[in-house]
Amino acid sequence: MSILIRKDTRFIVQGITGREAVNLTRENLEYGAKIVGGVTPGRAGRDIYGVPVYDCVRDIVKEHGQVEGSVVSVPPKFTKDAVFEALENGIELIVIVTENIPRREVAQMVELASLRGARIIGPNCLGIISPDEAKMGGVGGPAANTRQAYKKGNIGVMSRSGGMTTEIASTLTAAGLGQSTCVSIGGDAIIGTTYAELMPLFEADSETQAIAIYSEPGGRMEAELAEWITENDSRLPVVAFMAGRFMDEMKGMRFGHAGTIVEGKEDTTTEKIKRMEAAGISVAERIEEIPDLLKKRLEEGK
């Protein structure tokens, strides 16, 4: 099994004629993804690598039947409208790669998704991959690079950084540890799905036997993850790498992503590491330590 996407998951690309979306479409198709259509208003009748372009999501659903997912790659000022359109047409999994979307609009999108029983990954993310099955988004880059970095296996990966999703997967692959599903959750202050919200999916997946995480200063996601693991007595050993240790006590500073603003003591790496370790999460000091820590935890049984 895998979580979120499978080999037969059918999805669309909104904003498909944009430069980044064209490349994303090609990379996904070459990896085997089932892209049934794309949307760019006013461009209906064209095609991108054989994927037909439509004026709206409704036209795709009418022509191809219900689809499960959408990758949204449109300018920030149009993203909310695109996501609302997808949600109102029954799409249940939306990967938003666009960045610099106003927080208020992200909050509105996440709220509507919750009301519709749908899930948003992102924004400002590279998407999802289940190695050797499918990918949805820009994660991994070109198909040849993706196949080299990602291999099918039993380790789930979650990362606030798109690039570090691939870095961790590549490090695991080199150590002989394949991955079940890898999710780039996004680096903004407000995102659609957090670590703690993904944990029940990994927990229910018999293929996943452990979790690797790339984390950063700022926000409460690590605290929520630690609470979830403790309250649910998770069966999954978790190993995390915490970036940005130099930012400790630098209140109000931002490091990289929009979500990495340290607003108080609880947002610092020191406090986050304490919380995670108290919940039984092993914290690596370097990325290359993750495979050995995972192997040790798996041998211990947790």
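The values are calculated or read from the model by the stated rules, or taken from the named source; none is laboratory data. All values reported here derive from a predicted model rather than from experimental measurement. Heads up, the Cβs are rebuilt from the backbone with ideal geometry, glycines too, and the neighbour counts pull from every protein chain shown.
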Problem - segment 33-49: number of residues that are touching a helix residue (DSSP H, G or I) at 6+ places or on another chain (Cβ under 8 Å) and either within 26 Å of residue 147 (Cα to Cα) or buried (at least 23 other Cβ atoms within 10 Å of the Cβ) (or both) - result: 7
Problem - Positions within segment 28-51 being among the hydrophobic types (A, V, I, L, M, F, W, C), in a strand (DSSP E or B) and free of Cβ contacts under 8 Å to residues at least 40 places away in the same chain, in sequence order - result: 35, 36, 48, 51
Completion exercise
Screening 107, 113 for residues that are closer than 22 Å to residue 5 by Cα and surrounded by fewer than 23 Cβ atoms within 10 Å (Cβ to Cβ) leaves only 113
Completion exercise
Scanning segment 119-140 residue by residue, the ones that are under 13 Å from residue 73 (Cα atoms) and part of a loop (DSSP other than H, G, I, E, B) total 7
Handout entry: Subset of segment 9-22 that is within 19 Å of the chain's Cα centre (by Cα) and free of Cβ contacts under 8 Å to residues at least 60 places away in the same chain - its residue that is surrounded by the fewest Cβ atoms within 10 Å (Cβ to Cβ)
Key = 10
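Would you call residue 79 of a type in the set (S, T, N, Q), farther than 17 Å from residue 40 by Cα and in contact (Cβ under 8 Å) with a residue 40 or more places away in the chain?
The answer is no for residue 79.
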Fill in the blank from the handout: Selection from segment 94-123 of residues touching a helix residue (DSSP H, G or I) at 6+ places or on another chain (Cβ under 9 Å), over 13 Å from residue 193 (Cβ atoms) and of a type outside the set (Lys, Arg) yields 97, 98, 99, 100, 101, 102, 105, 108, 112, 115
Practice task
Please state which of the following conditions residue 154 fails to meet, knowing it meets all the rest: (1) over 23 Å from residue 197 (Cα atoms); (2) without any contact (Cβ under 8 Å) to a residue 60 or more places away in the chain.
Solution key: (1)
Handout entry: Unique residue being closer than 24 Å to residue 219 by Cβ and in a loop (DSSP other than H, G, I, E, B) when the list is 193, 165
Key = 193
Practice task
Quick one: count up the residues across segment 139-160 that are in contact with a strand residue (DSSP E or B) (Cβ under 7 Å, 6 or more places away or on another chain), under 22 Å from residue 22 (Cα atoms) and surrounded by fewer than 23 Cβ atoms within 10 Å (Cβ to Cβ).
Solution key: 1
Problem - Residue list for segment 100-140, filter: in contact with a Pro (Cβ under 7 Å, 6 or more places away or on another chain) and at pLDDT 95 or above - result: 101, 106
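Considering only segment 173-192, state which residues are touching a Gly at 6+ places or on another chain (Cβ under 7 Å) and of a type outside the set (S, T, N, Q).
177, 178, 186, 187, 188, 189, 191, 192
For segment 52-76: of the residues being of a type in the set (Ser, Thr, Tyr) and either part of a helix (DSSP H, G or I) or free of Cβ contacts under 8 Å to residues at least 60 places away in the same chain (or both), which is surrounded by the fewest Cβ atoms within 10 Å (Cβ to Cβ)?
Looking at the filtered set, the residue picked out is 54.
Working carefully through the options 277, 288, find the one that is assigned to a helix (DSSP H, G or I), touching a helix residue (DSSP H, G or I) at 6+ places or on another chain (Cβ under 8 Å), modelled with pLDDT of 95 or more and surrounded by fewer than 20 Cβ atoms within 10 Å (Cβ to Cβ). Give the derivation first.
Numbers: 277 fails: touching a helix residue (DSSP H, G or I) at 6+ places or on another chain (Cβ under 8 Å).
Of 277, 288, the one residue that is assigned to a helix (DSSP H, G or I), touching a helix residue (DSSP H, G or I) at 6+ places or on another chain (Cβ under 8 Å), modelled with pLDDT of 95 or more and surrounded by fewer than 20 Cβ atoms within 10 Å (Cβ to Cβ) is 288.
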Completion exercise
Within segment 188-229, of all residues that are of a type in the set (S, T, N, Q) and either farther than 20 Å from residue 284 by Cβ or touching a Phe, Trp or Tyr at 6+ places or on another chain (Cβ under 9 Å) (or both), the one modelled with the lowest pLDDT is 215
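Please go through segment 230-251 and give me each residue that is modelled with pLDDT under 55 and either closer than 16 Å to residue 219 by Cα or not in a helix (DSSP H, G or I) (or both), ordered by number.
Correct list: 247, 248, 249, 250, 251.
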